[in-house]
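Here is the structure we will look at.
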Amino acid sequence: MTNWLSSAAQRGEAIHDWLAPRRQASLRLLQESQWPTRKTEAWKYVPINVWERAELSTAVASNIEAEPIEGLNSFDIVIRDGQLQADTLAAAWPEGLQVLPLASAEAARLDWAQATFAQVKPERHLFGLVNDVLATDGLIIDVADGARIERPLRIVNIVNGGSEAHARVLVRVGSGAKVSIVEHYVGNQLSQSTGFAEYSIGTDAELEHYRFALQSGEAMHIGGSHFDLAERATLTSNLVAFGSRLSRVDMDINHKGEGAKALLNAIYLLDGKELFDLHSNIEHAVANGTSEENVRGIVADNSRAVFNGRIHIHRHAQKTLAELNNRNLLLSDRAEINTKPELEIYADDVRCAHGATVAEIDKKAMYYLQSRGIEREQAQIMLNFGFINELVDDMPNAVLAEWLRPQLRQRFAAMEVK
Amino acid sequence: MLSIKNLQVRVEDKTILKGLNLEVKPGEVHAIMGPNGSGKSTLGYTLSGRPGYEVEGGSVTIDGADLLELEAEDRARAGLFLAFQYPVEIPGVSNMEFLKAALDAQHKAQDKEPMSSRDFLQAARAACKQVNLPAEFLKRGVNEGFSGGEKKRNEIMQMLMLQPKICILDETDSGLDIDALQVVANGVNSQRSPERSFIVVTHYQRLLDYIKPDFVHVLSDGKIVKSGDSSLALELEQQGYAWLQDQPAPAGEE
Ligand SMILES: Nc1ncnc2c1ncn2[C@@H]1O[C@H](COP(=O)(O)OP(=O)(O)OP(=O)(O)O)[C@@H](O)[C@H]1O
Ligand SMILES: [Mg+2]
């Protein structure tokens, strides 16, 4: 154990809230954990040492505001530097929706929350353990059986410069219920944060999910969104990531009930020296599940994208349909993409397709467009943005898609072809 | 209008243009002929700003301004147009989207209002008709799966839409059937005006029967080795290029 991990474990031991008994197992695992090295497969491409070496200075007094997204009409709940902002919980919630601080007596009385904590996410994710042990604040969201919540909930997770922050979100979508949840992460100055969310999606329930991992610059973030799907549950998840000094997201989708359907669309756009690492894992534990994963990214300059896409089809998960594809566009010789599909298939009657491609920019086509007076930035977008735009077009919420589109275009237009 | 002085151009580590001079005045039509590999396309690419074409010496001005320091898109906006010998296929971008973006960009550069979609569509359809391309080609990917002749007509169609001041046609006649040749020639002739100039690169006298050039130049080994009027093209057709080897270089060349 290194200093950072042992200090995290020590701090964790001193916490005595209602989740303390639930944290014990994670605490023990954390105490046994080693700091990852270059040989640790799960962290192979991540310069994880910058996390340990970071010297956070609270002198950096940025204070990012949570801007509403125009036209979205969402309930915005703000977590700032790991602290839930109580005033943002004052909304008049619609019937069937309960939103509580993690650190509240009411939350402690929810059996499902007790049973869900640390049970959806994978057991051994090092920073998941850190979050298990240290996240004393966050949110509990409960959507009652059959409730259909029209307005999206947006959790704005702000981490300012100098902060170390650990936030946790637990969500239950009751059977037959429907809800849309946006996890929106921002921050650009030197900071360290973990943000994990666990979702339990009930029978015939529907979750529309977004994770906007828009940390940039020096903000280091490691987090994950993890989903358990009951029978015939439907999950549509959309991940959008910018890279930063260190940015890692894990997405786990567990088919626990038969006939569930999951779609995960992910976009990453990286420039400069940014890094983004996506690990996805789909567990088809039961029969008749469907999963589709479209992961697409553009990497420029000195940046690096890591994608590890695991699909695990268990022995009894017959008639599973699983698709995974990863498409990348490389804008410079120095940018890197490490992409690895990992298929483990133990059932014989399944359909599973996967593929990964890395394309380079067509310089001749760029020149042809420019020779007609079209400027470089626009030519670049016309030629190479289509495959990203397709995933934006696919977002079920048109307001969010239109909010993102210009930001993504701008980020891409600023990238240089080298 | 276009003034090329002692132009020397290298591609990778090969020097291709070795001191080329050419003066093009408004309204003139210049034909450039010459053996394969002599540097004709290189001249067109260099003028239009293709990356990788390194100017090692000489100058090019357009209406007195330095052309060579402009980006490719700014050269187009300054009125230069190259009809490619090998037009590029761009699946995923429709011909229509491409043409509209090009036109909007040029209008913007000229501080003009963008064309309305309706006017644009009308003009694009008319241009297609003029070069005998069905209007459905507007919906297809740029040059995607077009036949050789269709690609060439598509180049002329763009020229009709963009109304450039200096048009460089690089072997636009090769690969065209007899009717298409006439269509292309008519397209060019319809654009001839006292303000607009053409540089027509060709291997065949036939095109020059339709488009009467004011001057004919022979480009050989990176230089213009002979210039004359349209009768020179006929001479070349009969005698080939070999006899030029023994000719003294025209005045103005080193
Ligand atoms: N990228 C390159 N690397 C090396 N040589 C090149 C490159 N591009 C062009 N060349 C060479 O430059 C010379 C001139 O080519 P260019 O295309 O200008 O000839 P051209 O006169 O247009 O010939 P054609 O009549 O066959 O079209 C050729 O010998 C060609 O092989
Ligand atoms: Mg040529």
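The values are calculated or read from the model by the stated rules, or taken from the named source; none is laboratory data. What you are looking at is a predicted structure, and each value in this text was computed from that prediction instead of being measured. Here the Cβ positions follow ideal geometry from the backbone for every residue, glycine too, while neighbour counts run over all protein chains shown. Please note that ligands, DNA and RNA were not included when accessible areas were found on the heavy atoms of the full protein model with its side chains. Shrake-Rupley method; radii C 1.70, N 1.55, O 1.52, S 1.80 Å.
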Query raised in the report: Taking the alpha carbon gyration tensor of segment A:81-138, what are the square roots of 5 times its eigenvalues, largest first, to the nearest whole Å?
Result: 24, 15, 10
Query - For a label point 7 Å along the Cα-to-beta-carbon line of B:K139, residues of segment B:77-99 with backbone N under 19 Å - result: B:90-99
Requested in this report: Enumerate by residue number the trypsin sites (Lys or Arg not before Pro) in segment B:130-215 meeting two conditions: DSSP loop (anything except H, G, I, E, B), and at most 12 other Cβ atoms within 10 Å of the site's Cβ.
Outcome: B:K139
Requested in this report: Can you check what the net charge comes to around A:V159, using other residues whose Cβ is under 10 Å from the Cβ of A:V159 (Lys, Arg +1; Asp, Glu -1)?
Outcome: -1
Report task. Enter the per residue convex hull volume of segment A:333-418, computed from alpha-carbon coordinates, in Å³ rounded to the nearest integer. Result -> 149
Query raised in the report: So which trypsin sites (Lys or Arg not before Pro) in segment B:23-126 are both in a DSSP loop and have at most 12 other Cβ atoms within 10 Å of their Cβ?
Result: B:K112
Report summary line: One finds, for B:Q182 and A:V417 with R0 = 45 angstrom and r their Cβ-Cβ distance, a FRET efficiency to the nearest 0.05 of 0.65
**Report entry** Quotient of C-alpha Rg and 2.2 N^0.38 Å, computed over chain A
**Finding:** 0.96
Query raised in the report: Regarding chain B, what whole-number volume in Å³ per residue does the convex hull of its Cα atoms give?
Result: 127
Report task. Among B:I168, B:V88, B:H107, pick out the residue whose Cα is farthest towards the positive end of the charge dipole of chain B, where Lys and Arg carry +1 and Asp and Glu carry -1 on C-beta, about the Cα centre. Result -> B:H107
Query - Backbone HN-Hα couplings from phi across segment A:317-331 [Karplus 6.51/-1.76/1.60, Hz, Gly and Pro as x] - result: 8, 5, 6, 6, 10, 9, 10, 9, 9, 10, 10, 10, 10, 9, 9
Report summary line: Computed ³J(HN,Hα) along segment B:94-99: with the Karplus parameters 6.51/-1.76/1.60, θ = phi - 60°, integer Hz and x for glycine or proline, the list is 6, 3, 5, 4, 4, 5
Query raised in the report: Gap in Å between the Cα centre of segment A:14-50 and the Cα centre of segment B:10-41?
Result: 68
Query - segment A:145-196: relative contact order as a whole-number percent, Cα under 8 Å and 6+ apart - result: 54
Query raised in the report: Accessible area lost on pairing A with B, both sides, 1.4 Å probe, Å² to nearest 100?
Result: 1800
Query raised in the report: Could you state the principal axis extents of the C-alpha atoms in segment B:131-254, from the largest down, to the nearest angstrom?
Result: 52, 29, 24
Requested in this report: Would you mind computing, in nm to one decimal, how far apart the modelled labels at A:E52 and A:L343 are, each placed 7 Å from Cα along Cα→Cβ?
Outcome: 3.7
Query raised in the report: Quick one: if you stick a label point 7 Å off each Cα along the C-beta vector at A:I64 and A:K44, how many nm between them?
Result: 3.1
Requested in this report: Write out the GluC sites (Glu not before Pro) in segment B:1-83 meeting two conditions: DSSP loop, and at most 14 other Cβ atoms within 10 Å of their Cβ.
Outcome: B:E12, B:E69, B:E71
Query raised in the report: Once the other residues with Cβ under 10 Å from the Cβ of A:N308 are scored (Lys, Arg +1; Asp, Glu -1), what is the net sum?
Result: -1
**Report entry** Table column - 3J(HN,Hα) (Hz), segment A:226-241, Karplus curve with 6.51, -1.76, 1.60, x for Gly and Pro
**Finding:** 10, 10, 9, 10, 7, 3, 6, 6, 10, 10, 10, 10, 10, 10, 10, 10
Query raised in the report: If amide H atoms are built 1.01 Å from N in the plane of the peptide, which residues on other chains or at least 5 residues away come under 5 Å of the amide H of A:F307?
Result: A:L278, A:N338, A:T339, A:K340
Query raised in the report: Net charge near B:A105, counting Lys/Arg +1 and Asp/Glu -1 over other residues with Cβ under 13 Å of its Cβ?
Result: -1
Query raised in the report: Of B:G34, B:G57, B:G222, which is the most mobile in a GNM of chain B whose springs link Cα atoms less than 10 angstrom apart?
Result: B:G57
Report task. Could you compute the FRET efficiency for A:R310 and B:L234, with r as their C-beta to C-beta distance and R0 at 45 Å, rounded to 0.05? Result -> 0.05
Report summary line: For B:Y241, placing the label point 7 angstrom along Cα-to-beta-carbon and taking segment B:199-220, residues whose amide nitrogen sits under 15 Å are B:201-205, B:217-220
Query raised in the report: If you take the beta carbon distance between A:V358 and B:D74 as r and set R0 to 30 Å, what does 1/(1 + (r/R0)^6) give as a FRET efficiency, to the nearest 0.05?
Result: 0.40
Query raised in the report: Taking only the alpha-carbon atoms of segment A:1-150, what semi-axes of the equivalent ellipsoid follow from 5 times the gyration tensor eigenvalues under a square root, in whole Å, largest first?
Result: 31, 21, 16
Query raised in the report: Let a ≥ b ≥ c be the square roots of the eigenvalues of the Cα gyration tensor of segment B:124-204; is it rounded (a/c under 1.5), or, if not, prolate (a/b larger than b/c) or oblate?
Result: oblate
Query - Kirkwood-type radius of segment B:182-237, with distances r between different C-alpha atoms, in Å - result: 12.1
Report summary line: If amide H atoms are modeled at 1.01 Å from N in the peptide plane, then the residues at a separation of 5 or more from A:A260, or on another chain, having amide H under 5 Å from its own are A:R232, A:A233, A:T290
Query - Under 5 Å, built H, 5+ apart or other chain: amide partners of B:Q85 - result: B:D170
Query raised in the report: Once both labels are modelled 7 Å past Cα along the beta-carbon direction, what's the A:Q407-A:E32 spacing in nm?
Result: 4.0
Report task. Once you've got the GNM for chain B with C-alpha springs shorter than 10 Å, pick whichever of B:D104, B:D179, B:D13 has the biggest mean-square fluctuation. Result -> B:D13
Query raised in the report: Hey, which aspartates and glutamates would be in cross-link range of B:K40, C-alpha to C-alpha under 13 Å, not counting anything within fewer than 8 residues on its own chain?
Result: B:D170, B:E171, B:D221
